[in-house]
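The structure appears below as structure tokens.
Since every read-out is calculated from the coordinates, none of them should be taken as a lab result. All values derive from a computational prediction rather than experimental measurement. As a convention, Cβ positions derive from the backbone with ideal geometry for all residues, glycine included, and neighbour counts pool all protein chains shown.
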Amino acid sequence: MWNSRGKPLQSDFAIAEASLRTTKQRTKTMAIESPSSVVQEIISNDIRVGKHLIGACRAATGYCIGRIDQGLKKVLDSAPAARVTGFYAKTVGRVSDGADKIVDQIGDRTCGAVEKITSGVSGIDNKYAARYLELVSRVSLPALKAARDVAGWVADRTESVALPRPAKRRPARKAKRAIRKAARRARAA
């Protein structure tokens, strides 16, 4: 199957496999991975997902407002229609901006909390507690890496979905079919 740009479509499995390859390459290049660094990468991927979803909602709302504006211009004069859709667009823009700020603040606070916990754990002087925490770190690291890979894959997928796509050409195809059908009927008659 081919996409609208003439390139082959990739299945979700192929994209996940490519994402896994890139994360494996990234993990080979990183010298030391700690649970806190992996958790911070998960948080950054979650922030990316949130921003992509907000951007997609913003784009979809812009499309809907444009369609409503076109419909209102047919029914009403252009001035009241522009006022109504302008007010709606401004309100939705404010909500989207507020959502962006909230996502940024949550990410900053969460990363700050992870850093605070990491600094608190590193200051423990008890050798038994330090060994226990090292063991917990070793046991939890593979699961955290898997969660990071999944979060990265989800962030990549939301990015590809949130990007604007070219317009579909289906109406032109339907028109061509109708013309061909009419031509066949005319030839047959």
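Odds and ends about this structure:
- Placing a pseudo-label 7 Å from each Cα along the Cα-to-Cβ vector at A183 and K116 gives an inter-label distance of 7.2 nm.
- Measuring between alpha carbons in the structure, the pairs from K51/K116; K74/K101; K51/K145 lying more than 30 angstrom apart are K74/K101.
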